[in-house]
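> Quick one: the structure is below, and I'll ask about it shortly.
The values are calculated or read from the model by the stated rules, or taken from the named source; none is laboratory data. Given the structure is predicted, the values throughout are model-derived calculations rather than measurements. Cβ atoms come from the backbone with ideal geometry, glycine included; neighbour counts cover every protein chain shown.
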Amino acid sequence: MEPIIRTENLSIQFGGHRAVDGVNFKMQAKHFKSIIGPNGAGKTTFFNLLSGELKPTEGEIFLRGKSLASDSSIERTRKGLGRSFQITNVFPNLTVLENVRLAVQSREKVRFNFIKHYLQYKAITNEAVEKLEQVLLGNKVNAVASQLSHGEKRKLEIAMLLALNTEILLLDEPTAGMSLEEVPTILEVIRSIKEQGDKTILLIEHKMDMILDLSDSIMVLFNGKLLADGTPSEIMDNETVQNAYLGGLYDEQLIKT
Amino acid sequence: MGQEKYYSLKNVIFLIIIIALIFFPYVADSRTLTILMTQVFIFSILAMSYDILLGYTGIVSFGHAMFFGIGAYTTAILLSMYDNTMMIFLISIIVGMIFTGFVSFLVGLLTLRLKSHFFAMLTLAISGLFLVVAEKWRTVTKGNDGFTFRAPDLFRDRVFFYFFVLVCLVVAFLVLRRFVTSPLGKVLIAVRENEQRTRSLGFRTLHYKVIASIVAGVVASLSGSLYAISLRFVNTSVMSMDITLDALLMTIIGGVGTLVGPIVGSFVIEIAQHYLSGLANDYPIFERWIIFFGMLYILVVIFFPKGIVGTVYVKYLTWKSKKSRPQQPKQSVPLVKDKERLE
């Protein structure tokens with residue numbers, strides 16, 4: 001089967017540093033893949049390349065077999081490649097509802113209408129509220145986004161991504177900087193998206209239990225290179241991975257204690 | 001925001017102010033005051049158009065005077081070339097609007113790709129270019145000296161002109177209010193808030209910025225046309241940096257990101273200018289009234305960064321939320337539900 005998304009020798013160079021180095025990766029539709037790797041392994045850079053925030057120095061990305069080289073992030077979103085950001089990236093002075101409504105508006109192609117009042121689009125508002133309830137933010141609809149807690153902002157990110165309703169979801173550390181009590185909520189939200197079964201999800205995470213719980217497959221990035229790609233059990237048994245990533249982490253912990 | 005109703009407090013105040021303004025020329029016995037208010041309205045339209053750029057889309061432009069100037073020159077030139085009839089005047093407004101729309105489309109397309117401060121510099125340069133054209137194209141513009149022309153006869157009656165400008169202001173206000181509350185307006189605000197994020201939601205932000213620039217330009221041209229009529233004279237000062245700075249000050253003092261703000265700002269600045277320079281007869285220091293003005297401006301930016309209307313609005317919101325606080329315990333119920341769903 002033709003993979004829905006595929007990269008060929010994808011590389012980017014910042015000065016003398018190759019942040020992503022010759023990554024060949026492919027992914028089937030409706031699959032759940034996690035990306036792991038130590039800090040600085042190039043995970044977020046890889047996402048930025050996929051979503052068009054950065055241009056690769058070498059290599060290409062194919063969406064349903066077609067090259068994305070000439071598409072900006074705008075086109076990629078419209079073609080079904082939506083992403084959330086690791087550093088929370090919402091519209092700070094708008095209300096939570098308006099944040100999500102903008103995403104719905106984009107998907108519904110209500111872009112250039114300047115004659116009707118925005119409240120006349122009841123369906124858009126309703127859907128935005130629905131998405132907010134799905135991520136358990138239903139009680140914060142009218143709060144201003146900048147006044148949300150960190151965890152709530154992360155939920156808002158996901159609600160906006162859901163509202164775009166793209167086929168592929170790129171989730172960049174949805175639990176980054178969250179308190180322990182908040183993590184299960186996000187886990188629940190992601191699980192519910194997965195269980196709907198119509199989305200291809202690519203997730204960057206550090207929390208191994210969460211990854212093992214959700215993923216169909218895992219890929220490991222290390223120094224910008226693709227170290228391994230396989231089912232969770234394969235990855236856990238892979239010696240190189242253990243040495244490079246898991247091993248390294250445990251060693252650090254040993255030194256600390 | 002909340003649901004907007006037709007009989008809301010906002011609309012009632014709006015209506016009262018309109019009625020007060022309708023009776024104003026009959027109550028105020030001096031012609032000077034009527035003329036002053038007309039001037040306030042004209043600059044309100046200009047400042048509102050500038051606010052579409054600055055307050056709603058987050059674009060800082062130093063070239064807004066060129067649109068104002070194009071409107072003023074179009075009206076003046078057409079009225080002096082042809083008859084001074086109402087018809088020609090209305091045509092000149094439309095011609096001016098179409099011309100500025102075209103110019104701001106081209107300028108926007110070329111410059112709005114740039115980052116904010118580069119864009120600001122480039123607009124300064126382009127409006128400088130228009131100023132030079134107005135100065136050197138002597139056969140049409142009579143250069144720096146400018147020229148007088150005859151306004152349509154109906155406008156000889158200052159009260160009629162007052163009403164005409166008032167209607168223009170109200171129409172411009174209503175049209176722009178609908179513009180900024182439309183889905184498109186919401187995207188403009190999103191561009192102001194976070195352009196990169198707007199792009200990643202799939203909006204082509206350049207298109208929106210160009211549209212904002214066209215709308216702002218067209219409305220500025222209308223105020224330019226009215227300004228030319230109010231003076232019955234036009235020279236290169238309508239293209240000068242002072243006009244842009246006036247619009248900028250009015251918008252910031254009144255309140256960025258609201259449409260009422262620029263109107264209040266224009267009222268405050270025009271009235272203050274009038275009376276401060278009037279004081280010069282008694283106190284010579286007020287010959288330099290602009291010094292006081294500079295100080296006032298600095299104080300406003302330091303203490304009321306949201307401008308007059310913005311500050312009042314925030315005060316109103318906190319007052320309202322204090323009033324509704326007793327009902328809040330109800331809202332914490334869903335939180336408990338969240339926890340239950342977790343477990």
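> Among the residues of the range B:57-99, count how many are polar (S, T, N, Q) and within 30 Å of B:Pro183 (Cβ to Cβ).
2
> Now for a different question. What single numbered condition from (1) facing another protein chain (nearest Cβ under 10 Å); (2) touching a residue at least 24 places away in the same chain (Cβ under 8 Å); (3) among the small types (Gly, Ala, Ser); (4) surrounded by fewer than 21 Cβ atoms within 10 Å (Cβ to Cβ) fails to hold for A:Gly138?
Result: A:Gly138 passes all but (2).
> What number of residues in the range A:51-78 are touching a strand residue (DSSP E or B) at 6+ places or on another chain (Cβ under 6 Å) and more than 19 Å from A:Asn223 (Cβ to Cβ)?
The number of residues fulfilling the criteria is 8.
> Looking only at the range B:11-31, decide whether some residue is modelled with pLDDT of 90 or more and over 30 Å from B:Asp153 (Cβ atoms).
no
> Considering only the range A:88-127, state which residues are touching a residue at least 24 places away in the same chain (Cβ under 8 Å) and more than 8 Å from every other protein chain (Cβ to nearest Cβ).
If the condition is that a residue be touching a residue at least 24 places away in the same chain (Cβ under 8 Å) and more than 8 Å from every other protein chain (Cβ to nearest Cβ), then A:Thr88, A:Val96, A:Leu97, A:Asn99, A:Val100, A:Val104, A:Thr125, A:Glu127 are the ones that fit.
> Could you tell me whether any residue of the range B:216-236 is more than 24 Å from B:Asn84 (Cα to Cα), charged (D, E, K, R) and in contact (Cβ under 8 Å) with a residue 60 or more places away in the chain?
no
> Could you tell me which numbered condition A:Ala143 fails, if it satisfies all but one of (1) touching a strand residue (DSSP E or B) at 6+ places or on another chain (Cβ under 8 Å); (2) free of Cβ contacts under 8 Å to residues at least 60 places away in the same chain; (3) within 10 Å of chain B (Cβ to nearest Cβ)?
(3)
> In the range A:150-177, how many are surrounded by fewer than 21 Cβ atoms within 10 Å (Cβ to Cβ) and among the aliphatic types (A, V, I, L, M)?
1
> Right, another one. Looking at A:Leu97, is it buried (at least 17 other Cβ atoms within 10 Å of the Cβ) and within 24 Å of A:Asn9 (Cα to Cα)?
It is false that A:Leu97 is buried (at least 17 other Cβ atoms within 10 Å of the Cβ) and within 24 Å of A:Asn9 (Cα to Cα).
> List, please: which pairs have Cβ atoms under 6 Å, are six or more places apart or on different chains, and start with a residue in the range A:65-86 that is more than 14 Å from chain B (Cβ to nearest Cβ) and end with one that is part of a loop (DSSP other than H, G, I, E, B) and at pLDDT below 85?
Taking only residues 6 or more apart or on different chains, the pairs are A:Gly65/A:Glu2.
> Away from chain A (no Cβ under 14 Å) and part of a helix (DSSP H, G or I): which single residue out of B:Gly224, B:Gly185 fits that description?
Going through B:Gly224, B:Gly185 in turn, just one is away from chain A (no Cβ under 14 Å) and part of a helix (DSSP H, G or I): B:Gly224.
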